[in-house]
1. What residues have an amide H closer than 5 Å to that of LEU27, excluding those fewer than 5 places away on the same chain, when H is modeled at 1.01 Å from N in the peptide plane?
2. With θ set to phi - 60° and the Karplus curve 6.51 cos²θ - 1.76 cosθ + 1.60, what are the ³J(HN,Hα) couplings of the stretch 21-26 in order, to the nearest whole Hz, using x for Gly and Pro?
3. Explain nothing, just the number: relative contact order of the stretch 2-55, from Cα pairs under 8 Å at least 6 residues apart, as a whole percent.
4. Quick one: divide the alpha-carbon radius of gyration of the stretch 4-60 by 2.2 N^0.38 Å and tell me what you get.
5. I'd like the Karplus ³J(HN,Hα) series for the stretch 33-44: coefficients 6.51, -1.76, 1.60, θ = phi - 60°, whole numbers in Hz, and an x wherever there's a Gly or Pro.
6. Kindly write out, for the stretch 2-16 in residue order, the coupling ³J(HN,Hα) from the Karplus curve 6.51 cos²θ - 1.76 cosθ + 1.60 (θ = phi - 60°), rounded to whole Hz, with x marking Gly and Pro.
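All of the numbers you see were taken from the coordinates with simple rules; none came from a lab. Bear in mind the structure is a predicted one, so any value in this text is a computation, not a measurement.
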Amino acid sequence: MLEILNRVETATGSPLAAYAWFRAEPLPGFGGATPDLLVREGRADQVHAYLDRIMTGGYA
């Protein structure tokens, strides 16, 4: 979780905004699941892969 929050903080601009994204942002391609839910389901690697695509200019 902390690795994901640290990665997202650079894009969102603050720890609070990163946490809000983590808890509430439904991710396309994951049936609307939030990063928080995916991590709790043991799918953090999929959130990292999603961020890799997005942060390099790819699509969700």
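1. GLY32, ALA33, THR34
2. Calculated HN-Hα couplings, in order: 4, 4, 7, 10, 7, x Hz.
3. Once normalised by length, the contact order is 22 percent.
4. 1.02
5. 5, 7, x, 4, 4, 4, 5, 5, 7, x, 10, 4
6. 5, 4, 5, 4, 5, 5, 6, 4, 5, 7, 8, x, 7, x, 5
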